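The values are calculated or read from the model by the stated rules, or taken from the named source; none is laboratory data. Owing to the predicted nature of the structure, the values given are computational and were not obtained by experimental measurement. No Cβ is skipped: glycine too gets one built from the backbone with ideal geometry, and neighbour counts run over all protein chains shown. The accessibility values were calculated without ligands, DNA or RNA, using every heavy atom of the protein model including side chains. Shrake-Rupley method; radii C 1.70, N 1.55, O 1.52, S 1.80 Å.
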Amino acid sequence: MLGFGRKGPLEEPAATQADAGSDVDIHHVPLPLIPKTRWERIWPAMACGSGLFSDGYINNVIGSVSIILGQIYGKSYTDSKAVTNISAITFAGTVVGQLVFGVTSDKWSRSNSLLLSTVVLIVFAALGAGSYGYHGSTQGMFAALTAYRFLVGIGIGGEYPAGSVACSESSGELEAGQRNRWFILFTNVMIDWGFVIGAFVPYLLVVICGDDHLRAAWRISLGLGVVPPLLLLYLRIKLKEPEEFTRESMKNVRIPYLLCLRYYGPRLFVVSLIWFMYDFSVYSFGIYSPTIVKGVIGPDASLAASFGWNTVINLFYIPGAMLGSVFSDWVGPRYGLAIGITLQALVGFIMAGLYGTLKNHIGAFCVVYGIFLSLGEFGPGDNIGLLASKTCATGVRGHYYAIAAAIGKIGAFVGTYVFPRIEAAGHNDTTSAQYPFYVSSSLCILSAALALFCLPHVGQDTITLEDIKFRAYLERKGWDTRQLGLRKAESTETGETGFVNEQPVGEKL
């Protein structure tokens, strides 16, 4: 009744489905019928999306690094602005990177934008690990680390509009019925593995280095963030533009922003709002997870014990994300998001209500908290990026995705500042821990309602169908769609604006 299991047509729309007046030649070969081996279809999606591992690792490892810095430098760190800035500033850089690379991915190149963001990641992840203050100044080191965290965030930001968008377009060449899962496996699951490794590495290094060598532990933890983008560098050098981008790109024409805003504005607002609420909770819980765990196991517990339990909790991200990837192909990303986030809200309310009991049983607390996080990945974690990348036409997908993802990261940035204040509003240790779960669960209910009632169905062929619909809309408004694609038509009757016979935008709105 709700359309569960509906995947839409299993074959790509034929050229005859395009509206009259569109460039039929562009659609003459359905993407899955382009002669390529299975590996030739999969590796571009993998190369485009897997860089998001760095997002999960770099953002999550700083939670443990911050605790180590507090233990090494004491009040000179914990009583300074650095304790908040170092954790949160990466999100500000990510927002800048998302917006900048959102434009370059549409107007320059998907592959080149991705390669540039990879280089930025490598350089500033390495510099962050080697942060040093002038003449050995501790506060200078904190300032340097803050600056490098901002700049590495710009590289992370490029992974979203360039990497995820190209991954979604490359997934259109894969077999119908499996496209959502491959996109999720190469994007959100990579982020979640980054979260897990970002929790495990500091734990392992603290065990190896011991309390007497914590300076080495935090620097190595940050330095290992260089490894994932280095491993992807070769594949990204070989990467070509996705086929869908070569057909539908607006690189060579002025983008009709007013028409795009009118057509996609309401949808973009809903996607962005859901992403804001999701990141507000998930990144805050991720960064402050070691602190939450330490509050449960007690202040006398060792650093290794705190980090070990934090790793266990982060492992719960994986089954939720893996199961959600298959579920998204079955019911579609809209229902997948709504169902997963509703279940997460229920667990969150239960956890908040029973926190007084759970805090006395660390094993039970970790399991319930882990299920709460897992359901977040099963629902919005897996599907929000999928919705953002497939509810917009290819020509402006980089812009659209970048804005939605940037607003999401603003939510994460706000969450890292608001989260401690939500905790501080509690009158005791129990209520301080309960309030974040009440707030997060309430936001989950709102997100589920928005997804169900304000977003369209996304099927297996949505990218191709969305391009056809957008072409038809542009043609109704007098915009010449023969200019779409990386190779412009040899002869058109348009001017620089892209409108036939220079028809003013205002007369067509």
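Of the residues that sit in the stretch 73-87 and are closer than 21 Å to Phe124 by Cα and hydroxyl-bearing (Ser, Thr, Tyr), which one is most open to solvent (accessible area, probe 1.4 Å)?
Top of the filtered list is Thr84.
Among the residues in the stretch 355-366, are any closer than 26 Å to Phe53 by Cβ, in a helix (DSSP H, G or I) and of a type in the set (Ser, Thr, Tyr)? Working first, answer last.
Just the residues of the stretch 355-366 that are closer than 26 Å to Phe53 by Cβ, to begin with: 366.
Filter once more, keeping what is in a helix (DSSP H, G or I): 366.
Of the ones still in play, those that are also of a type in the set (Ser, Thr, Tyr) are none.
Looking for residues that are closer than 26 Å to Phe53 by Cβ, in a helix (DSSP H, G or I) and of a type in the set (Ser, Thr, Tyr), one finds none in the stretch 355-366, hence no.
Looking only at the stretch 306-317, decide whether some residue is polar (S, T, N, Q), farther than 16 Å from Ile197 by Cα and buried (at least 24 other Cβ atoms within 10 Å of the Cβ).
Looking through the stretch 306-317, none of the residues is polar (S, T, N, Q), farther than 16 Å from Ile197 by Cα and buried (at least 24 other Cβ atoms within 10 Å of the Cβ).
When you check Ala404 against the structure, is it closer than 19 Å to Val271 by Cβ and assigned to a helix (DSSP H, G or I), yes or no?
Yes; evaluated as a whole, the condition is true for this residue.
Give just the number: which of (1) open to solvent by 10 Å² or more (accessible area, probe 1.4 Å); (2) more than 19 Å from Tyr400 (Cα to Cα); (3) modelled with pLDDT of 90 or more does Asp192 not satisfy?
Of everything listed in (1) open to solvent by 10 Å² or more (accessible area, probe 1.4 Å); (2) more than 19 Å from Tyr400 (Cα to Cα); (3) modelled with pLDDT of 90 or more, Asp192 misses just condition (1).
In this structure, does Gly172 turn out to be within 15 Å of Asp55 (Cβ to Cβ) and buried (at least 18 other Cβ atoms within 10 Å of the Cβ)?
Against the criterion (within 15 Å of Asp55 (Cβ to Cβ) and buried (at least 18 other Cβ atoms within 10 Å of the Cβ)), Gly172 does not qualify.
Using the structure shown, decide if Leu232 is of a type in the set (A, V, I, L, M), surrounded by 15 or more Cβ atoms within 10 Å (Cβ to Cβ), farther than 24 Å from Met141 by Cβ and touching a strand residue (DSSP E or B) at 6+ places or on another chain (Cβ under 8 Å). Explain how you work it out, then say what you get.
On the way: of a type in the set (A, V, I, L, M): yes; surrounded by 15 or more Cβ atoms within 10 Å (Cβ to Cβ): yes; farther than 24 Å from Met141 by Cβ: yes; touching a strand residue (DSSP E or B) at 6+ places or on another chain (Cβ under 8 Å): no.
No, not satisfied.
If you take the residues in the stretch 42-72 that are open to solvent by 10 Å² or more (accessible area, probe 1.4 Å) and within 12 Å of the chain's Cα centre (by Cα), which one is modelled with the lowest pLDDT?
Step by step, filter the stretch 42-72, then rank; the result is Ser50.
Checking the conditions here, which among Gly348, Gly370 is buried (at least 24 other Cβ atoms within 10 Å of the Cβ) and either touching a residue at least 40 places away in the same chain (Cβ under 8 Å) or under 30 Å from Gly155 (Cα atoms) (or both)?
Gly348
Checking Leu205 against (1) more than 30 Å from Thr391 (Cα to Cα); (2) at pLDDT 90 or above; (3) surrounded by fewer than 22 Cβ atoms within 10 Å (Cβ to Cβ): exactly one of these is not met. Which one?
Failing condition for Leu205: (3).
Tell me, yes or no, whether the stretch 421-429 has at least one residue that is free of Cβ contacts under 8 Å to residues at least 60 places away in the same chain, part of a helix (DSSP H, G or I) and not charged (D, E, K, R).
Looking for residues that are free of Cβ contacts under 8 Å to residues at least 60 places away in the same chain, part of a helix (DSSP H, G or I) and not charged (D, E, K, R), one finds at least one in the stretch 421-429, hence yes.
Report whether or not Ser131 is open to solvent by 40 Å² or more (accessible area, probe 1.4 Å) and over 23 Å from the mean Cα position of the chain (by Cα).
no
Which condition from (1) open to solvent by 10 Å² or more (accessible area, probe 1.4 Å); (2) not in a loop (DSSP other than H, G, I, E, B); (3) not small (Gly, Ala, Ser) is the one that Pro161 breaks?
(1)
Considering only the stretch 433-481, state which residues are surrounded by fewer than 23 Cβ atoms within 10 Å (Cβ to Cβ), charged (D, E, K, R) and not in a helix (DSSP H, G or I).
The answer is Lys477, Asp480.
Of all the residues that make up the stretch 406-432, how many are under 22 Å from Ser447 (Cα atoms), open to solvent by 10 Å² or more (accessible area, probe 1.4 Å) and of a type in the set (Ser, Thr, Tyr)?
1
Applying the selection to the stretch 248-274, what residues are out of contact with any strand residue (DSSP E or B) (no Cβ under 7 Å at 6 or more places or on another chain), open to solvent by less than 30 Å² (accessible area, probe 1.4 Å) and over 27 Å from Ala412 (Cβ atoms)?
Residues satisfying the conditions are Glu248, Ser249, Met250, Val253, Ile255.
Go through (1) open to solvent by 60 Å² or more (accessible area, probe 1.4 Å); (2) farther than 15 Å from Trp275 by Cα and name the single condition Ile403 misses.
In the conditions (1) open to solvent by 60 Å² or more (accessible area, probe 1.4 Å); (2) farther than 15 Å from Trp275 by Cα, Ile403 misses (2) alone.
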